[in-house]
C-alpha cells in the first residue's frame, strides 16, 4: 500500500518538477524582444486609429439620424 505524502513532500516534488521544466524554457533574444515590442506598438496604434475613425463615423451617423427625425 502506498504511503500518503504530506504537504511538504508534495511541495518538494512540485518544486523539483518546476525546476526541471524551467530548464526547458527558451527565452527570446534581445533582438526578438525588440521586434515583438515594435509589432505590438504599431498594431496598437493602427487599431486605435481605426477604432477612432469608426467611432467618429458612427457618431456622425447617429447625429444625422436624430437630426433628421427631430
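The values are calculated or read from the model by the stated rules, or taken from the named source; none is laboratory data. None of the values given here were measured: they were computed from a predicted structure. Ideal geometry is used to build each Cβ from the backbone, glycine not excepted, and the neighbour counts take in all protein chains shown.
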### Message
Please determine whether any residue of the stretch 13-36 is at pLDDT 95 or above, surrounded by 10 or more Cβ atoms within 10 Å (Cβ to Cβ) and over 30 Å from the mean Cα position of the chain (by Cα).
### Response
yes
### Query
Within the bounds of the stretch 51-64, is there any residue that is part of a helix (DSSP H, G or I), under 22 Å from the mean Cα position of the chain (by Cα) and either surrounded by 10 or more Cβ atoms within 10 Å (Cβ to Cβ) or in contact (Cβ under 8 Å) with a residue 24 or more places away in the chain (or both)?
yes
